[in-house]
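Reading through the structure tokens given below for one structure.
The values are calculated or read from the model by the stated rules, or taken from the named source; none is laboratory data. Everything numeric in this text was worked out from a predicted model, so none of it was measured. Positions of Cβ are generated from backbone atoms using ideal geometry, with glycine treated the same way; all protein chains shown enter the neighbour counts. We work out accessible area using only protein heavy atoms, side chains counted, and drop any ligands, DNA or RNA first. Shrake-Rupley method; radii C 1.70, N 1.55, O 1.52, S 1.80 Å.
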Amino acid sequence: MRYVSTRAAGGEGLPFRDILLSGLAPDGGLYIPRRYPEVSPGRLDQWREVLAGQGYAALAAQVLDLFAPDYPAGETLRLARSAYTTEAFGDPEIVPVDHLEGTRLFLAHLSNGPTAAFKDMAMQLIGPLFEYELEQRDAWMTVLGATSGDTGGAAEHALLGRERLRVAMLTPRGRMTPFQQAQMFSIDDPVVANLAIDGVFDDCQDLVKAVNLDREFKERWRIGAVNSINWARVAAQVVYYFAAYFRSGQDRVSFAVPTGNFGNILAGHVARQMGLPVDRLILATNENNVLDEFFTTGVYRPRASSQTLETSSPSMDISKASNFERFVADLLGRDGERVAHLFGQVLPEDGFFDLSGTPEFAAASERFGFVSGGSTHADRLAAIRRLWRDHQVLVDPHTADAVHLALASGVPGPIIVTETALPVKFAQTIAEAIGAPPPVPARFAGLMDAPRHVTDLPNDAAVLKGWLADWLAG
Ligand SMILES: *Cc1c(COP(=O)(O)O)cnc(C)c1O
């Protein structure tokens, strides 16, 4: 199993362990497996037994062994077992699946991890994977990131207490939800630094870029990242598509997925390419419908951040979808030159590309199963209310976008909706929908009142670098 860049699909390729700690490929593309591993019907039956008999971590190890055959025997199982614990996920099944009685819908609960969002599914595995890799190389690393919500918290909770790692997260001061702030700032760990920047999310991202452009500083302090384009995150997410399918007890399913950066649904696409019996992949966006526009018209037009709307499903408020290039590489039959042209040349210059007249786009829905749609604030409130009224099930606003689309899409079913966050994270919208705040799960009781650990910094790269150097040297 070798990994190549989306922009140069030929060549030798690199093993999983060499791409794990890196970001973009040197040519600016994203790493993808040269070929997706195939899962035969026989293997599918065997995996079903593994999940039933040995649990989620054992299934994760089987999947990981296909994507990362370069680990010593038994190592992936050890790593997966340390990631997917009942303690971290509050449920021995890790990803329980419920049927909504009298409907064609199932809910796959991906948000039972430490930060109550599906990002934990990948991050909890990234923690032990990074640590193992750094131990093998006798190396260390500083993870520097910017976050407006879920990702930074999930990364901090996955990496805290790990000796070879430091984590510094930049957040726009005062701009996250109170729950998200509490989740990050309550962490009291010598390897974690919360930095509240006097600015907006884009300022935080620009600061991260500025630090990374300083080659000397970057090398001196081993600055790296765990962003959503990391292939290990995608591989970790492939696991729950298999698990949810097995737990649904159905022969063939569709999935409905609330989508922002195209990370979650990309894993569904990969699982389908591997041989999981998936009929449709229903892609749900909110008012920021960049991806719905592509799947409906063939035009991919990233937005400026000034054109990105603030919605009530904020984790899907994206201007461009960072993982989308991987799907386009598959759509174009791994023609690296074409992908490089579209993403390397067309996008920065003109701001959009148009595949509408191409045979590849015409065949896309049939071949890859995608169905797409967007939803509004009113749609999401209605979906929350409906599940609450008819099933006494409370879903968060992102999951509600997918529920809305699953019901509106006309896809016959069975449809598994991926639940991506717990309602407690978005109390205001829940209260607006059902007239009462969401319940606070026992493990989050007291979180809002916990002492805060956060350092305020101005929007200034030199000040940030100075602060980081002091902290890392200490
Ligand atoms: C990140 C996130 C999404 C979007 O997932 P992508 O992988 O970016 O498409 C949806 N819902 C929640 C709650 C999230 O945190």
Worksheet entry | Criterion: away from the ligand (no atom under 14 Å from the Cβ), within 21 Å of PRO33 (Cβ to Cβ), of a type outside the set (Gly, Ala, Ser) and at pLDDT 95 or above - qualifying residue of LEU331, LEU266, LEU281 | LEU331
Worksheet item: Restricting attention to the stretch 434-443, does a residue exist that is on the phi > 0 side of the Ramachandran plot and free of Cβ contacts under 8 Å to residues at least 40 places away in the same chain?
Response: yes
Worksheet item: When both residues are 6+ apart or on different chains and their Cβ atoms are under 8 Å apart, which pairs have a first residue that lies in the stretch 110-134 and is open to solvent by 10 Å² or more (accessible area, probe 1.4 Å), and a second that is away from the ligand (no atom under 16 Å from the Cβ) and in a loop (DSSP other than H, G, I, E, B)?
Response: ASN112/GLY90; ASN112/ASP91; ASN112/ILE94; ASN112/PRO96; GLN124/TYR84; GLU131/ARG162; GLU131/GLU163; GLU131/ARG164
Discussion item. For the stretch 142-170: of the residues being of a type in the set (D, E, K, R) and outside any loop (DSSP other than H, G, I, E, B), which is farthest from ILE318 (Cα to Cα)?
Written reply: ARG166
Discussion item. Among the residues that make up the stretch 390-400, is at least one of them farther than 30 Å from THR296 by Cα, away from the ligand (no atom under 16 Å from the Cβ) and part of a helix (DSSP H, G or I)?
Written reply: yes
Practice prompt. Read through the list (1) under 27 Å from TYR36 (Cβ atoms); (2) hydrophobic (A, V, I, L, M, F, W, C); (3) in contact with a strand residue (DSSP E or B) (Cβ under 9 Å, 6 or more places away or on another chain); (4) open to solvent by 20 Å² or more (accessible area, probe 1.4 Å), then give the number of the only condition that PHE352 fails.
Written response: (1)
Discussion item. I'd like the full set of residues that are open to solvent by 10 Å² or more (accessible area, probe 1.4 Å), over 24 Å from ALA461 (Cβ atoms) and out of contact with any strand residue (DSSP E or B) (no Cβ under 6 Å at 6 or more places or on another chain), limited to the stretch 135-162.
Written reply: GLU135, GLN136, ARG137, ASP138, ALA139, HIS157, GLY161, ARG162
Discussion item. Exactly one condition in (1) open to solvent by 30 Å² or more (accessible area, probe 1.4 Å); (2) in contact with an Asp or Glu (Cβ under 7 Å, 6 or more places away or on another chain); (3) away from the ligand (no atom under 16 Å from the Cβ) is false for LEU309; which is it?
Written reply: (3)
Item to complete: Could you check how many residues of the stretch 10-47 are under 19 Å from the mean Cα position of the chain (by Cα) and open to solvent by 20 Å² or more (accessible area, probe 1.4 Å)?
Response: 5
Worksheet item: Any idea how many residues of the stretch 176-201 are farther than 17 Å from MET448 by Cβ and open to solvent by 40 Å² or more (accessible area, probe 1.4 Å)?
Response: 4
Worksheet item: Does the stretch 279-290 contain at least one residue that is touching an Asp or Glu at 6+ places or on another chain (Cβ under 9 Å) and among the hydroxyl-bearing types (Ser, Thr, Tyr)?
Response: yes
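Has the stretch 244-251 got at least one residue that is touching a helix residue (DSSP H, G or I) at 6+ places or on another chain (Cβ under 9 Å) and within 15 Å of the ligand (Cβ to nearest atom)? Walk me through how you get there before you give the answer.
Just the residues of the stretch 244-251 that are touching a helix residue (DSSP H, G or I) at 6+ places or on another chain (Cβ under 9 Å), to begin with: 245-247.
Among the residues that remain, those that are also within 15 Å of the ligand (Cβ to nearest atom) are: none.
No, the stretch 244-251 contains no residue that is touching a helix residue (DSSP H, G or I) at 6+ places or on another chain (Cβ under 9 Å) and within 15 Å of the ligand (Cβ to nearest atom).
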Worksheet entry | Check on ALA88, touching a His at 6+ places or on another chain (Cβ under 9 Å) and either of a type outside the set (A, V, I, L, M) or surrounded by 16 or more Cβ atoms within 10 Å (Cβ to Cβ) (or both) | yes
Worksheet item: If you go through the stretch 206-216 one residue at a time, do you hit one that is open to solvent by less than 20 Å² (accessible area, probe 1.4 Å) and either in contact with a Leu (Cβ under 9 Å, 6 or more places away or on another chain) or over 25 Å from SER22 (Cβ atoms) (or both)?
Response: yes
